[in-house]
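Single-structure report; data block below.
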Amino acid sequence: MSLASVKRPHDHDGGTRSKPVTGPVIVTEGLTRRFGRRRGINDVTVAVDRGEVFGFLGPNGAGKSTTIRLLLGLYRPTAGRAAVFGLDPCGHSVQVHRRVGYLPGELVLFPRLTGRQLLDRFAGIRGPIDNRYRDELIDRFGVELDRQVRTLSKGNVQKIGLLLAFAHRPELLILDEPTSGLDPLLQDEFARLVSETAREGRTVFLSSHDLDEVQRLVDRLAIIKDGRIVITDTVEHLRASAPKTVEFCFAHPVDPTRFQSLDGVQVLSTNTTQVRLSLTGPIGPLLQTAVVLEPVDMTSRPAELEELFLDYYRSDSGKAHSHGR
């Protein structure tokens, strides 16, 4: 989708309020935001399809929240462009916000209002809420609605935030650290809710540094480092192309240097009867070498998302990569 077709503030507004999305729900091209000498984001280019759960990963300060604020029209870009539902989020913020459910990373609610009062106010801003769906979410997450926000724990405030984001069944959910403060059972319930949302054809843009959560939920992900996208790919493809960890156990001491000469093999750790290896090449030569040493056990596993994430963050390369579309 070219951003030349994005509606700008001076464009005719007829039909934009609920115009169906035929291309990606979110598109950015060269999106850049600077804050004087402070780093913001630079040349961020992503596309998120309808019905997709898209992960946006990076540690604190990498540029995740800045990107989200640009998508919501809360910041204006220094350079580049963004489109949400084919609309410019700055010029058409009202139309965009009505179709988005947003949960900020640092959720702040009116402290003297109750959850029920907040729901009523948000309904007045966003329009009608599906009351049956709202009540279902209240039950599923055990949302406390009749106490003032200032009396609630962080986890209970987060439940209200989730309810406010999801209750109007928005076409797009933009969620920044959505399970912060939730116990493990409610994190599992949140995972089910995200899966249901995607099956309904709605889109989820999930910003997080919880790698286990992202690994379970997303279809594709982008990793942002120092304000730049360093990789965009599917989790499946990332793991398939990453080094595998292979461990052999032997009944007798072995010399690990036997493995070091093999292409694509690196010895990670060893003791007298165990050798743990990183494998990026074919497994055949490794097995041929190992069988001569008569192993008694072998395990192999693909890289976890945490390992991949750390590899990209340790890398000095500023080169961006994009796959999996």
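The values are calculated or read from the model by the stated rules, or taken from the named source; none is laboratory data. If you're wondering where the values come from, they're calculated on a predicted model, not measured in any experiment. Positions of Cβ are backbone-derived with ideal geometry, glycine not excepted, and every protein chain shown enters the neighbour counts.
Annotations
- Considered as a group, the residues in the stretch 227-263 that are under 22 Å from the mean Cα position of the chain (by Cα) and among the acidic types (Asp, Glu) include one that is surrounded by the most Cβ atoms within 10 Å (Cβ to Cβ), and that residue is 233.
- Among the residues making up the stretch 11-51, those that are modelled with pLDDT of 85 or more and of a type in the set (Gly, Ala, Ser) are 30, 36, 40, 47, 51.
- Selection from the stretch 171-185 of residues that are more than 16 Å from the chain's Cα centre (by Cα) and modelled with pLDDT under 95: 181, 182, 183, 184, 185
- Residues within the stretch 136-175 that are of a type in the set (Lys, Arg) and in contact with a helix residue (DSSP H, G or I) (Cβ under 8 Å, 6 or more places away or on another chain), tallied: 4
- Looking only at residues of the stretch 239-251 that are in contact (Cβ under 8 Å) with a residue 40 or more places away in the chain and either part of a loop (DSSP other than H, G, I, E, B) or polar (S, T, N, Q) (or both), we find that the one that is farthest from residue 272 (Cα to Cα) is 242.
- Every test in (1) surrounded by 20 or more Cβ atoms within 10 Å (Cβ to Cβ); (2) assigned to a helix (DSSP H, G or I); (3) touching a Leu at 6+ places or on another chain (Cβ under 6 Å) is passed by residue 82 save one, and that test is (2).
Here's the yes/no breakdown for (1) assigned to a loop (DSSP other than H, G, I, E, B); (2) more than 24 Å from residue 52 (Cα to Cα); (3) β-branched (Val, Ile, Thr); (4) not assigned by TED's automatic domain parsing to the domain that holds residue 28:
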position: 94; (1), (2), (3), (4): no, no, yes, no
position: 124; (1), (2), (3), (4): no, yes, no, yes
position: 145; (1), (2), (3), (4): yes, yes, no, yes
position: 191; (1), (2), (3), (4): no, no, no, no
position: 198; (1), (2), (3), (4): no, no, no, no
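Yes/no per residue for (1) at pLDDT below 90; (2) hydrophobic (A, V, I, L, M, F, W, C); (3) at negative phi; (4) touching a Lys or Arg at 6+ places or on another chain (Cβ under 8 Å):
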residue	(1), (2), (3), (4)
221	no, yes, yes, no
231	yes, yes, yes, no
240	yes, yes, yes, no
243	yes, no, yes, no
246	no, yes, yes, yes
253	no, no, yes, no
262	no, yes, yes, no
276	no, no, yes, no
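- Residue tally, condition surrounded by fewer than 17 Cβ atoms within 10 Å (Cβ to Cβ) and under 18 Å from residue 27 (Cα atoms), over the stretch 185-220: 1
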